[in-house]
1. Under 19 Å Cα to Cα from Lys180, which aspartates and glutamates show up? Leave out anything in the same chain fewer than 8 places away.
2. With all protein chains present and a 1.4 Å probe, how do Trp289, Trp207 order by accessible area, largest first?
3. Starting from the Cα gyration tensor of the range 146-268, multiply each eigenvalue by 5, take the square root, and state the resulting semi-axes largest first in whole Å.
4. Tally Lys/Arg at +1 and Asp/Glu at -1 over every other residue whose Cβ is under 13 Å from the Cβ of Lys108; what's the total?
5. Rolling a 1.4 angstrom probe over the protein chains, ignoring ligands and nucleic acids, what is the accessible area of Lys199 in square angstrom, nearest 10?
6. Can you figure out the FRET efficiency of Arg185 with Glu131, using R₀ = 41 Å and their beta-carbon distance, to the nearest 0.05?
7. Among the listed pairs Lys65/Lys199; Lys156/Lys194; Lys105/Lys309, which are separated by more than 29 Å between their Cα atoms?
8. For the range 140-180, take N as its residue count and report Rg(C-alpha) divided by 2.2 N^0.38 Å.
Amino acid sequence: MKLRALIALLALTVAGCSGGNNDSGSPQASPSAVNQESPPASVAETESPSATPSASETPEPSKAKAMLNMEGLNALFGFADEQGTKLMALTDEMEPGAAEKSDLKGYKLAIGEGGGQVLSIRYANHQDRSEQDNGRQSMYNFDNMAGDIYAIEEGKATPNESYILVSPEQFDIDALIPLKPAADRALPDDIAKKIAEEKERAIEQGWLLAHAQDGQRIYVVQFERQGENMLASLVWQEGERLVFMDYPATYNDNSAWRVDDGGEISPDMFRFLFAARSADDGIVLGVQWMGAEGENLSILSSSGDRFEKSGISGGRYLSPI
């Protein structure tokens with residue numbers, strides 16, 4: 001009995017010494033991501049596969065890796081009322097019956113102002129057209145036109161500004177690349193030279209439209225006319241990479257690209273709903289193109305060095321009476 005008691009005492013003493021040298025505490029505890037010594041080979045080999053992994057093994061999702069999936073993206077365009085507290089969705093532009101079939105309550109985010117505004121919204125009600133409706137899709141006619149109204153629950157919209165309405169399940173807002181309008185619109189000489197070389201066409205005029213915090217830039221250029229052929233392009237610059245959206249037109253000194261544009265492009269015509277990253281280093285761009293009679297809205301998606309129309313488009317008729 002004395003011998004057994006002595007052995008038990010020695011075992012407890014050894015265990016106590018071993019525990020004092022173990023900085024990680026209980027052997028079942030999850031390993032620390034920082035300053036964690038490597039376990040002995042025998043422990044590593046027998047560790048349960050269900051053990052909690054370290055932070056270095058399961059990093060938190062990075063915003064830089066977030067991407068917008070364009071497949072199956074359903075979106076609506078809308079605009080804000082005079083107070084910036086409601087949005088009118090332009091459901092009248094949808095195919096007949098589409099608004100009834102669409103889950104209008106699923107649109108819970110409104111994105112605009114270059115992606116700098118992400119508003120939380122809630123479907124409120126459908127509004128029928130009144131006798132005072134003048135056909136203009138503006139804040140001044142908000143209470144008279146037909147459409148579907150969304151209440152803004154978080155944030156405040158810019159009055160009369162256009163927005164894209166999306167569901168949070170389809171649009172990862174971490175993929176956004178917030179844009180700011182350029183204060184200095186001058187087109188840098190080196191960029192102008194690079195654009196002209198890539199398009200093999202001389203530039204007549206061009207401007208910087210917007211920029212992002214990470215250095216991306218958006219330009220618009222109008223190239224010199226070749227006979228009756230005219231060309232303007234939106235250009236996304238990211239480092240040495242240029243991505244083009246070309247807008248060809250036939251010469252008309254009154255209306256070339258848009259009604260009453262005077263046959264010219266100007267920087268005041270363009271603004272952006274948002275920019276976002278997509279798969280394969282792609283870019284998705286929400287474009288607002290203002291003309292004399294209203295605003296064209298479109299979503300572009302890049303493929304290589306070209307933007308393509310995504311099929312999501314709309315517009316607002318704003319021409320004054």
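The values are calculated or read from the model by the stated rules, or taken from the named source; none is laboratory data. This structure is a prediction, so every number in the text was calculated from the model and none was measured. Using ideal geometry, Cβ is built from the backbone for each residue, glycine included, and neighbour counts are taken over all protein chains shown. Quick note on the areas: whole protein, heavy atoms, side chains included, nothing else; ligands and nucleic acids left out. Shrake-Rupley method; radii C 1.70, N 1.55, O 1.52, S 1.80 Å.
1. Straight-distance partners of Lys180: Glu113, Glu161, Asp214, Glu238, Asp268.
2. Final ranking, largest accessible area leading: Trp207, Trp289.
3. Numbers: eigenvalues 196, 87, 33 Å².
Working from the Cα gyration tensor, I get semi-axes of 31, 21, 13 Å.
4. Value of the local net charge: -2.
5. Rounded to the nearest 10, the figure is 40 Å².
6. Working: r = 44 Å, r/R0 = 1.07.
According to the calculation, E is roughly 0.40.
7. Exceeds cut-off: Lys65/Lys199; Lys156/Lys194.
8. Rounded to two decimals, the normalised Rg is 1.46.
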